[in-house]
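Working notes for the structure below.
The values are calculated or read from the model by the stated rules, or taken from the named source; none is laboratory data. Every value quoted in this text rests on a predicted model; they were computed, and no experiment measured them. Note that we place each Cβ from the backbone using ideal geometry, even for glycine, and neighbour counts take in every protein chain shown. Note: accessible area is taken over every heavy atom of the protein model, side chains too, but ligands, DNA and RNA are not part of it. Shrake-Rupley method; radii C 1.70, N 1.55, O 1.52, S 1.80 Å.
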Amino acid sequence: MTNLIQHFKKNFFKYHSDFQKKYQFNDKINFNQINFDIPNNLSHGHISTNALFIYLKSSTMEKTEIIKFFTKKLQSSSNVEKVEIAGQGFINIFFKKNYLISELININKMGDNIGKSNIGKNKKINIEFISANPTGPLHLAHSRGAIFGDVLSNILEKVGYEVTREYYINDAGVQIEKLGDSLYVRYCQLINQNEIDINEMNYPGDYLINIAKLILQNDKKKWLNVNTSKRKKYFENFAIKHILKIIKKDCKNMGIKFDLFVSEKKIIKEGIINSVFKKLKKDSLLYEGVLEKPKSINDPDWEPRKQLLFKSTKFGDDADRPFLKSNNDWTYFANDSAYHYYKIKRKYNKIINIWGADHIGYIKRMKSIVKVMSDDKIDFLIKICQLVNLKKDNKPIKMSKRSGNYISIDEIIKEVGSDVLRFFMLYRKNDTQIDFDLSKVLEKTKDNPIFYIQYAFARSNSVLNNANKIFKKINYKNIYNLENHIQYISDYEWKIINKILIWPNIIENAASNYEPHKIIYYLEDLSSMFHIFWNKGNENKDLRFIDENNYDKTLSRLYWINSFQLILKSAFDIIGIKPIKKM
RNA sequence: GCGCCUGUAGCUCAACUGGAUAGAGCACCAGACUUCGGAUCUGGGGGUUAAGGGUUCAAAUCCUUUCAGGCGCGCCA
């Protein structure tokens, strides 16, 4: 067992049954209300619980009697050093040093498996992220959702879930037609057929030129004389195919791999929408109606129109949502409903969507439709990633949509590297905005968190190397005499060891709240503690990692450095960046 | 106008989802380099958690009202 809380919880509930037997306690206790926390302040113990509050609330028993019972029970555990009742009624538990060290030994034994757990065992999760339209390369805003989704998947896998990473390709609709047209303009441009107005292009980015060149290479001027509908179809498909290639390459450069790409076209072709339509009809959730004019529209030509609407107001949405366009095509929302029904049918325990902030208004209708189509049986979560502001030297970099002049992921990775990009996209909670400063993120000072953490790893590595030289292959992965080593561990090191031991809880916490940033903040804390202890060694020779005259003392320090490194490596692996041994 | 998100130290953000004295980093002031890698560290000041009201043993966190900012709001995706 290497999860302090889990371990403790088990014992505690054993005591609870004893308690019940002895006092014939009329049990109305809501166990979900009993927390087992890791206090910020070590003076509040290694673990603390609010259980006493909960017991007091649901019983007429004397406080002192309850306290007496539990302190006695808790203290009888061989792991527990002391139990304190503090504050208005917290039970604080302090563990014995032997126990802490034995947990450290467990961590070192687990090696690469450190942090794994089985809370997601036999459960399947589907995570859909990026799903950017295949109309151009990915840009910075996409990368946040991309990296967030990827790392969240890693975390969920770590705690035992079976995760499907999915990308929905919006390869149907008006935008795709416009894309095909833009590609045709580029094609004509290449062969000096200038009768088409370049300013009319919807997708003016340079990437279409290269794709047009490919068509020219293969087919020469053939498409100038082909009938329009056949030509349109060809250019659309050609564009999608090659842009998808670019997107996949962007993903690969960020270290992201998908398990599944699902095409909107395919969803339409398979007619999944018909099942959705039937179901909604049956439940009387579709009707012909007229929507009010939305406040955002200032168009004087706006006219009310009768159309097929989905009754999403029934589920708390602000307005009912159109299902059919006036040309009798399904709306994007209708097709998306079909796509989500397709996900539901694949029987996941949970479906997660990662969206950009510009899709906030879409949440309610999507939740409504998923609720209906799954008979309220699927656990459906939408995580929103806020905007990313690109800067350089603290000045915003303007990006123009009109010229298609976005700074691409490709360029950013070339400038700062994928590790730095990944790190900073996770450095903030998903619902706050990020300032991404191309010059700041590369600074080699402690102000730069990724550097600071990498530097701690490099330093720790340097210690191990030096120790190896001095003691000729010291085996810091094993401890042979527990009691012997405990005497050498200083107060501050116990703090570090305690921090090391809560790593499994950090992962679980990040997983159960779907918040990857918790891992980053933990890493920053842990690294800081390492740097602090290092500096203590500069001030006080007794606190140096290596004591040439004392093998055992050195070993006692190298032993926790080994766990320190295991955690950093494991965390880096989850975040998707590489540890640097020497810098 | 409506919906969602946000509001925490001068700035950028945490806070184990209702827990104890609200924590870090920048910036500011004062210190430590014959160093296991000073690319670091030590100390200090700085807060009515936007404002009011409520819920309870306990509120930055939940409910409510107000204020401010962001995003979104019919046949784009």
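Tabulated data for the structure shown
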quantity	calculated
Whichever residue in the stretch A:447-480 is near RNA strand B (Cβ under 7 Å from one of its atoms) and open to solvent by 50 Å² or more (accessible area, probe 1.4 Å) and, among such residues, is nearest to A:Leu558 (Cα to Cα)	A:Asn466
Flag if A:Asn509 is of a type outside the set (Lys, Arg), closer than 23 Å to A:Phe95 by Cβ and outside any helix (DSSP H, G or I)	no
Count - residues of the stretch A:40-92 that are in a strand (DSSP E or B) and more than 11 Å from RNA strand B (Cβ to nearest atom)	4
Checklist (1) assigned to a strand (DSSP E or B); (2) of a type in the set (S, T, N, Q); (3) open to solvent by 30 Å² or more (accessible area, probe 1.4 Å) applied to A:Asn353, failing item	(3)
So A:Arg422, is it in contact with a Gly (Cβ under 8 Å, 6 or more places away or on another chain), part of a helix (DSSP H, G or I) and either at pLDDT 85 or above or closer than 30 Å to A:Ile101 by Cβ (or both)	yes
Members of the stretch A:512-534 that are farther than 15 Å from A:Ile450 by Cβ and in a loop (DSSP other than H, G, I, E, B)	A:Tyr514, A:Glu515
Some residue of the stretch A:403-412 being at pLDDT 85 or above, open to solvent by 60 Å² or more (accessible area, probe 1.4 Å) and more than 8 Å from RNA strand B (Cβ to nearest atom)	yes
Counted residues, the stretch A:81-93 - those being touching a residue at least 40 places away in the same chain (Cβ under 8 Å) and crowded, with 16+ Cβ neighbours inside 10 Å	4
Any hit, the stretch A:496-513, residues being within 7 Å of RNA strand B (Cβ to nearest atom) and open to solvent by less than 10 Å² (accessible area, probe 1.4 Å)	no
Qualifying residue in the stretch A:328-348 (condition: touching a residue at least 40 places away in the same chain (Cβ under 8 Å), open to solvent by less than 40 Å² (accessible area, probe 1.4 Å), more than 15 Å from RNA strand B (Cβ to nearest atom) and touching a strand residue (DSSP E or B) at 6+ places or on another chain (Cβ under 6 Å))	yes
Total residues in the stretch A:543-583, condition in contact (Cβ under 8 Å) with a residue 40 or more places away in the chain, more than 21 Å from A:Asn498 (Cβ to Cβ) and open to solvent by 70 Å² or more (accessible area, probe 1.4 Å)	7
Lone unmet requirement of (1) in contact (Cβ under 8 Å) with a residue 60 or more places away in the chain; (2) open to solvent by 40 Å² or more (accessible area, probe 1.4 Å); (3) not β-branched (Val, Ile, Thr) for A:Ser78	(1)
Residue under evaluation A:Gln487, criteria (1) modelled with pLDDT of 85 or more; (2) within 12 Å of RNA strand B (Cβ to nearest atom), criterion not met	(2)
The stretch A:425-436: number of residues that are crowded, with 19+ Cβ neighbours inside 10 Å and not in a loop (DSSP other than H, G, I, E, B)	4
Test result for A:Ile215, modelled with pLDDT of 95 or more and of a type in the set (Val, Ile, Thr)	yes
Test for A:Lys553: is it over 27 Å from A:Lys257 (Cβ atoms) and either assigned to a helix (DSSP H, G or I) or near RNA strand B (Cβ under 8 Å from one of its atoms) (or both)	yes
Pick from the stretch A:295-313, criterion free of Cβ contacts under 8 Å to residues at least 12 places away in the same chain and surrounded by 10 or more Cβ atoms within 10 Å (Cβ to Cβ), ranking: nearest to RNA strand B (Cβ to nearest atom)	A:Trp302
Residue satisfying all of: in the stretch A:360-378; surrounded by 16 or more Cβ atoms within 10 Å (Cβ to Cβ) and within 9 Å of RNA strand B (Cβ to nearest atom); farthest from the chain's Cα centre (by Cα) among these	A:Arg365
In the stretch A:530-542, the residues that are within 29 Å of A:Asn113 (Cβ to Cβ), near RNA strand B (Cβ under 8 Å from one of its atoms) and open to solvent by less than 10 Å² (accessible area, probe 1.4 Å)	A:Phe533
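Conditions tested, residue by residue: (1) over 23 Å from A:Phe423 (Cα atoms); (2) in a loop (DSSP other than H, G, I, E, B).
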{"residue": "A:Ser131", "(1), (2)": "no, yes"}
{"residue": "A:Pro134", "(1), (2)": "yes, yes"}
{"residue": "A:Ser143", "(1), (2)": "no, no"}
{"residue": "A:Ile155", "(1), (2)": "no, no"}
{"residue": "A:Arg165", "(1), (2)": "no, no"}
{"residue": "A:Tyr168", "(1), (2)": "yes, no"}
{"residue": "A:Ile176", "(1), (2)": "yes, no"}
